[in-house]
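Chemist: Just passing along the structure, written as structure tokens.
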């Protein structure tokens, strides 16, 4: 190990029109003006500025999506969050949202009270009011005995901005931010796009280790080779160390914002999600299957009730197994067999279960806050929806009789047990959980009358085209790919 002090990575959040962008612009332009060689030539989502012989890295898209995405995964994009509050407005709805995100990321906070240059505003009175509002939301200013600095400033004139930069370096020093350039690179995608000349491009913020030109890397489960790197000045570089943002060329695909480079746990998670998608492609996916383990029965019931929110309009999450206690090998084996993810709540994961999950590419996610659990489940659901691997079952019927029809065909006498089966829908016949065949409805009759659909509780006759070798006891399902 060869750890060194690294530059703090800072993000700026706050309510609309409170001055986030103006503050970033002032800091950036001041930095550019101080450089003899010119200014920033391209936008890569983050940049470094010098202050008192130190560097500070800013994520330059206020309230960046990556900050929120990584919060839900328990990782950090930024080391320090600046909460911008306008002196005349105080705490507003988006300020509340920003506070929630910052608390979730568990990073140090500095409050920048902006617009102190506004005429007619009693700054002292407003500052006291804002500090009270912050303390009411468990953001304790230093004056209230807490550890949150409050810096009055004007992003327009620059008043107080130097003090903010000094405070960032002080907070960084107190938190002893370290990095090891000798390690393989670990970082996060903060911008990505498909460039018609460069191909897939990603702006990656290196949090630890060093990324070098020519490195083989994995981002979000996609393997690539670094063929070129550029810093925030547009200058070609051969390597990037801790806290350095770079634009990377040579990727096999455009990664999602928030995708992780190099961190073993996240790579394993990406592989597990990809494996889940592959399993669903090979099988007949009807929903996202989950195995749940919780610390108490009450927690278990609350989680299952919360997951039902995904099933209001369509059955999209299926609980395969649930129980109390820690996650063991038996849970992983079940999940691997049926293509499920394992969700834990306030429980431990046995080392043997963790190892088995890595070998079997089973995704495990463990939580102690229910809303974070729900956000992550929604993320996995959305991933599967994007690749079209979830299905909605529209109707089910049991085959209770068969009747000959013509020379080689036969009619299935069915009793509807769920939903609706209609002409034009995709149809499959299932026997003991295994698909016998997919087909279409050539004829659908209720008594002797041809109909377009039948509903739960009715008997009907179905003629399939192409024919399916069904048997009494089989199930007919109508479905659509979501």
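Chemist: If a residue has to be in contact (Cβ under 8 Å) with a residue 40 or more places away in the chain, on the phi < 0 side of the Ramachandran plot and not in a strand (DSSP E or B) to count, how many in the range 442-467 make the cut?
Modeler: Final tally of qualifying residues: 3.
Chemist: Looking only at residues that are in contact with a helix residue (DSSP H, G or I) (Cβ under 7 Å, 6 or more places away or on another chain) and surrounded by fewer than 18 Cβ atoms within 10 Å (Cβ to Cβ) in the range 351-374, which one is nearest to residue 298 (Cα to Cα)?
Modeler: Among those residues, the one meeting the criterion is 370.
Chemist: Continuing with the same structure: For the range 128-140, give me each residue that is touching a residue at least 24 places away in the same chain (Cβ under 8 Å) and buried (at least 19 other Cβ atoms within 10 Å of the Cβ).
Modeler: 130, 134, 139
Chemist: Considering every residue within the range 421-441, establish whether at least one is touching a residue at least 60 places away in the same chain (Cβ under 8 Å) and farther than 24 Å from residue 338 by Cα.
Modeler: For the range 421-441, residues touching a residue at least 60 places away in the same chain (Cβ under 8 Å) and farther than 24 Å from residue 338 by Cα: absent.
Chemist: Scan 139, 190, 168 and give me the residue that is closer than 26 Å to residue 260 by Cα and either outside the structural domain of residue 208 (by TED's automatic domain parsing) or modelled with pLDDT of 90 or more (or both).
Modeler: 168
Chemist: Let me ask something else about it. Among the residues of the range 160-207, which ones are buried (at least 21 other Cβ atoms within 10 Å of the Cβ), in contact (Cβ under 8 Å) with a residue 60 or more places away in the chain and under 19 Å from residue 240 (Cα atoms)?
Modeler: The answer is 179, 185, 186, 187, 188, 189, 190, 191, 192, 203, 205, 207.
Chemist: Kindly check whether there is at least one residue in the range 452-464 that is out of contact with any helix residue (DSSP H, G or I) (no Cβ under 7 Å at 6 or more places or on another chain), farther than 30 Å from residue 317 by Cα and at pLDDT below 90.
Modeler: No, because not a single residue in the range 452-464 is out of contact with any helix residue (DSSP H, G or I) (no Cβ under 7 Å at 6 or more places or on another chain), farther than 30 Å from residue 317 by Cα and at pLDDT below 90.
Yes/no per residue for (1) outside any helix (DSSP H, G or I); (2) modelled with pLDDT under 95; (3) buried (at least 18 other Cβ atoms within 10 Å of the Cβ):
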{"site": "71", "(1), (2), (3)": "no, yes, yes"}
{"site": "77", "(1), (2), (3)": "yes, yes, yes"}
{"site": "103", "(1), (2), (3)": "no, yes, no"}
{"site": "119", "(1), (2), (3)": "yes, yes, no"}
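The values are calculated or read from the model by the stated rules, or taken from the named source; none is laboratory data. Values in this document were obtained by computation on a predicted structure and should not be read as measured data. FYI the Cβ positions are ideal-geometry reconstructions off the backbone, even for glycines, and counts take in every protein chain you see.
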